[in-house]
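> Please see the structure below; I have some questions.
The values are calculated or read from the model by the stated rules, or taken from the named source; none is laboratory data. Not measured: the values here are computed from a predicted model. Glycine also receives a Cβ, built like all others from the backbone with ideal geometry; neighbour counts cover every protein chain displayed.
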Amino acid sequence: MAATLEKARVSREGEFVVIDAKGMHYRELNELIVRVIEEGAKKLKLINVNGQRFIADGLRGEYYIEIYGVAGDDLAAFANGPTIVVYGDVQDGAGNTMNAGKIVVHGNGTDIIGHSMRGGKIFVRGHVGYRVGIHMKEYREQVPVLVVGGTAGDFLGEYMAGGRIIILGLERLETYPEIVGDWLATGIHGGAIYLRDTIEEDKLGYGAKFEELTDEDYAFLRREIEEFCSYFGGNAEEIMKAKFTKVVPLSHRPFAAMYSDSKEAGH
Amino acid sequence: MVRNFPPDFVVRVDKEACINCLRCVRECPFGVHEYDKEKKKWKRHHEKCVACLRCAYMCPTQAISIERSPMEYSPHPVWTNRVRKDIKTQAETGSVILTAMGNELPYLNYFDHLVLDACQVTNPSIDPLREPMELRTYLGRKPEKVDLDEYDGVELKTKIAPNLKLETPIMFAHMSYGSISIEAQLSMARAAKEVGTYMGTGEGGMHRDLYPYADHIITQVASGRFAVHEEYLKRGAAIEIKIGQGAKPGIGGHLPGTKVTAEISETRMIPEGSDAISPAPHHDIYSIEDLSRLIYALKEATRYKKPVFVKIAAVHNVAPIAVGIIRAGADAVVLDGFRGGTGAAPQVHRDHHGIPIEVAIASVDQRLREEGIRHWGSIIASGGIRSSADVAKAIALGADAVYIGTAALIALGCTVCKKCYTGKCPWGIATQVPELRKRLNPDEGARRAANLLKAWSHELKEILGALGLNSIESLRGNRDRLRGVGLSDVDLEVLGVKPAGR
Ligand code: SF4
Ligand code: SF4
């Protein structure tokens, strides 16, 4: 990239390096981000972001990035450590296959938020779309957490193998006032989903069941909701007062009995 | 009910030769040989035998021979023995029949109906012993044109996309740690490094013992995203997105929790003992646009340093799908034909879905050429490549390189007993059981796997020489050097090959 463009787009603001993303192609923007990080920046502010994809993808390290505007698809995909605060919405796949780090979204999220994430946390103030948290996992001390202030669409937590999803339903959609869409947690075989409401059993997909919350669950919810409130305001105590529903796997081996072998069948 | 189910094989033991050493009891992982020490009596559970031949070759007195069972149902051309046995198995269990390795039904094998040309008189053949033969192959996107700066010497001005450099157009297919042992993977990794080619990790992640060979390893990103981690992506030489597999097109897979041992859990980054489920689709990919997004997310995450391949099962619409994949930004499309092997697949999918690799290569190559984008990405073919002749034919049909899976395992000792999914591979390949794993020595495995590549490469050079060509590049998509024998007009048209005699 021409040095002049770079100069015009990059400025300093205290400890922040500010990049003006206006009209930039994602490739230019992401290259610039990598460059300033290589040159030592630890805190970045990206302004006028308007749907640029792949920001902070595969980024390793504890960087702090503020994004003003709409972050495009696959924000922080494969990321390993950075904290990203978005003053605006995020598009599909924010936190996709993320290993560690944090995403705080002051607006809404679209589809497949937190898809396959293995670690780290995502907080969304508003609503999220379809297929959110599909195939979330966990590994050793890494237990990913996704907290949504509003509601979630269909297929939430499908194939979930680990981690925790919390849907608070503090705001509702006029067109679909329920806290969560259909086919919830189909094929779930690990982790748990907490809904701050009651739902009909017919929303549950194959392999999911309800479970009573324990004291441990409440303690966990309180911690996460307090963190949620620390970003977006609100009273954790008040939020905790409502009834929660917990959805867990029927079995950790949902497909165990599906297959046969002529030799093992005794033939 | 009487279980009227004749065994597939019978174990014959020469009583004269047998010295009751009980070696066979220890060697057979399926519990065929049983000896009652008190009564001093043998019992052979013939119905459990899979003809892996392990016991026969380990018996110190060669007393054992494994034969096809002479007892069969009354012959019937439609209700074959296998059909009847399958029905009985399912009547007993009520479940899906699981199997392994490639398609077993007798579909036409086009490779066996294609012959290669040779030079006679008018254009002399080349002796590879006398003249250099180029097998080197680059996989990845090629530039539209090359701009040179000739101001001060010659310098390349065009930015070339990352390519993989292969010294021979044969790579080891993706077989995951979990489906096969680390000894089997290590054997192939060492062979790949020695010969100057690559192996695939499969979707099980990269075991730390493979790190020294990482620059000869292609990592895989499959729908379960096991082990997918920025370090993993950055460590390998290239990244392959697995959409589908020839042995089970359109379905996902799962590694049962019983096989997720401590080490496998570490490599896949999932808890020990939990099922590793790979959904049928990638749930962040429901369209070519979505695929493009994953391709570029991976390129961004690795700063455009790694080629990104996309693997699909060869299916009916393979040509437009492959074009979409290349247009979506993939540096190569991997086509896996319906004879492709697997460690575990439902038999119904293995035998009835997908199309042969030969027609898939031809139609994809043709379509990419028609659209003028053949140079945007390479074609890697896999699924039933058995010999250097198959490699040469695949390349002449339009492939840049091939992956070999089953052939590589056979080199390591596999006898294609089709029991990989049990995790009890008698030859120490498709297993995690420590006693069984010991049966494969990775030093010897590496030597044998490398030998196979060397032998095939040598034969490829001879084939090129006979064709009067001195580089594999000149064979690629050169269908004029192929002729069909015993193929229909439609087959020939699809393959873009003339009949023998024309
Ligand atoms: S399954 Fe293999 S080891 Fe067992 S009896 Fe048959 S040939 Fe021998
Ligand atoms: S890898 Fe092992 S279990 Fe699988 S077919 Fe070969 S010998 Fe049998």
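> Output the residue which, of all residues in the stretch B:81-105 that are under 29 Å from the mean Cα position of the chain (by Cα) and assigned to a loop (DSSP other than H, G, I, E, B), is nearest to the other protein chains (Cβ to nearest Cβ).
Among those that are under 29 Å from the mean Cα position of the chain (by Cα) and assigned to a loop (DSSP other than H, G, I, E, B), it is B:S95.
> Taking into account only those residues within the stretch A:82-98 that are touching a helix residue (DSSP H, G or I) at 6+ places or on another chain (Cβ under 9 Å) and surrounded by fewer than 24 Cβ atoms within 10 Å (Cβ to Cβ), which is nearest to the other protein chains (Cβ to nearest Cβ)?
Among them, the one singled out is A:D92.
> Yes or no: the stretch B:33-43 includes at least one residue that is under 15 Å from B:D8 (Cβ atoms) and either away from chain A (no Cβ under 14 Å) or touching a residue at least 60 places away in the same chain (Cβ under 8 Å) (or both).
Checked the stretch B:33-43: no residue is under 15 Å from B:D8 (Cβ atoms) and either away from chain A (no Cβ under 14 Å) or touching a residue at least 60 places away in the same chain (Cβ under 8 Å) (or both).
> Residues of the stretch A:171-229 being among the hydroxyl-bearing types (S, T, Y) and either more than 22 Å from A:G129 (Cα to Cα) or crowded, with 20+ Cβ neighbours inside 10 Å (or both), which ones?
Selection gives A:T186, A:Y194, A:T214, A:Y218.
> Quick one: in the stretch B:45-57, of everything that is near ligand 1 (Cβ under 8 Å from one of its atoms), part of a helix (DSSP H, G or I) and not small (G, A, S), which residue is nearest to the other protein chains (Cβ to nearest Cβ)?
Looking at the filtered set, the residue picked out is B:K48.
> Right, B:P256: in the same structural domain as B:S176 (by TED's automatic domain parsing) and either over 27 Å from B:A191 (Cβ atoms) or in contact with a strand residue (DSSP E or B) (Cβ under 6 Å, 6 or more places away or on another chain) (or both) or not?
yes
> Taking the options A:A208, A:A242, A:A219, A:A236, name whichever one is among the hydrophobic types (A, V, I, L, M, F, W, C), farther than 23 Å from A:G120 by Cβ and out of contact with any Lys or Arg (no Cβ under 6 Å at 6 or more places or on another chain).
A:A208
> Give me the pairs, please: first residue somewhere in the stretch B:417-428 and assigned by TED's automatic domain parsing to the domain that holds B:N441, second residue anywhere and in a helix (DSSP H, G or I) and more than 6 Å from ligand 2 (Cβ to nearest atom), beta-carbon distance under 6 Å, and either six or more positions apart or on two chains.
Note: pairs meeting the criteria are B:G423/B:K259; B:P426/B:R54; B:G428/B:L436; B:G428/B:R437.
> While we're on this one: Quick one: is B:K305 in a loop (DSSP other than H, G, I, E, B), closer than 22 Å to B:A161 by Cα and not polar (S, T, N, Q)?
Answer is yes for this residue.
> Could you tell me how many of the residues in the stretch B:130-145 are in contact with a strand residue (DSSP E or B) (Cβ under 7 Å, 6 or more places away or on another chain), assigned to a loop (DSSP other than H, G, I, E, B) and either of a type in the set (S, T, N, Q) or modelled with pLDDT under 90 (or both)?
Counting residues in the stretch B:130-145 that are in contact with a strand residue (DSSP E or B) (Cβ under 7 Å, 6 or more places away or on another chain), assigned to a loop (DSSP other than H, G, I, E, B) and either of a type in the set (S, T, N, Q) or modelled with pLDDT under 90 (or both) gives 0.
> State whether one or more residues within the stretch A:108-117 are at the interface with chain B (Cβ under 9 Å from one of its Cβ atoms), more than 10 Å from the chain's Cα centre (by Cα) and of a type in the set (A, V, I, L, M, F, W, C).
No - not one qualifying residue is present in the stretch A:108-117.
> Could you tell me how many of the residues in the stretch B:293-318 are surrounded by fewer than 21 Cβ atoms within 10 Å (Cβ to Cβ) and away from chain A (no Cβ under 14 Å)?
Here the count works out to 3.
> Follow-up question, since we're still on this one. Just to check your reading of the model, which residue among B:A455, B:A394 is within 17 Å of the chain's Cα centre (by Cα) and among the small types (G, A, S)?
B:A394
> If only one of B:C420, B:C414 is within 16 Å of ligand 2 (Cβ to nearest atom), more than 21 Å from B:Y138 (Cα to Cα), within 14 Å of chain A (Cβ to nearest Cβ) and crowded, with 21+ Cβ neighbours inside 10 Å, which one is it?
Going through B:C420, B:C414 in turn, the sole match is B:C420.
> Of everything in the stretch A:95-107 that's at positive phi and in contact (Cβ under 8 Å) with a residue 24 or more places away in the chain, which residue is nearest to the chain's Cα centre (by Cα)?
Ranking the qualifying residues of the stretch A:95-107, first place goes to A:G95.
> Now for a different question. Considering only residues that are outside any loop (DSSP other than H, G, I, E, B) and under 15 Å from B:G383 (Cα atoms), which ones fall in the stretch B:311-322?
Result: B:K311, B:I312, B:A313, B:V318.
> Next question. Can you confirm whether the stretch B:63-75 contains a residue that is among the aromatic types (F, W, Y), surrounded by 14 or more Cβ atoms within 10 Å (Cβ to Cβ) and not assigned by TED's automatic domain parsing to the domain that holds B:G428?
Yes, because at least one residue in the stretch B:63-75 is among the aromatic types (F, W, Y), surrounded by 14 or more Cβ atoms within 10 Å (Cβ to Cβ) and not assigned by TED's automatic domain parsing to the domain that holds B:G428.
> What number of residues within the stretch B:375-391 are buried (at least 24 other Cβ atoms within 10 Å of the Cβ) and either acidic (D, E) or within 18 Å of B:N109 (Cβ to Cβ) (or both)?
Residues that pass the stated criteria total 6.
> Still on this structure, please answer the following. Identify the single condition in (1) away from ligand 2 (no atom under 16 Å from the Cβ); (2) surrounded by 24 or more Cβ atoms within 10 Å (Cβ to Cβ); (3) farther than 16 Å from B:A362 by Cα that B:G340 does not satisfy, given that it satisfies every other one.
Every condition holds for B:G340 apart from (1).
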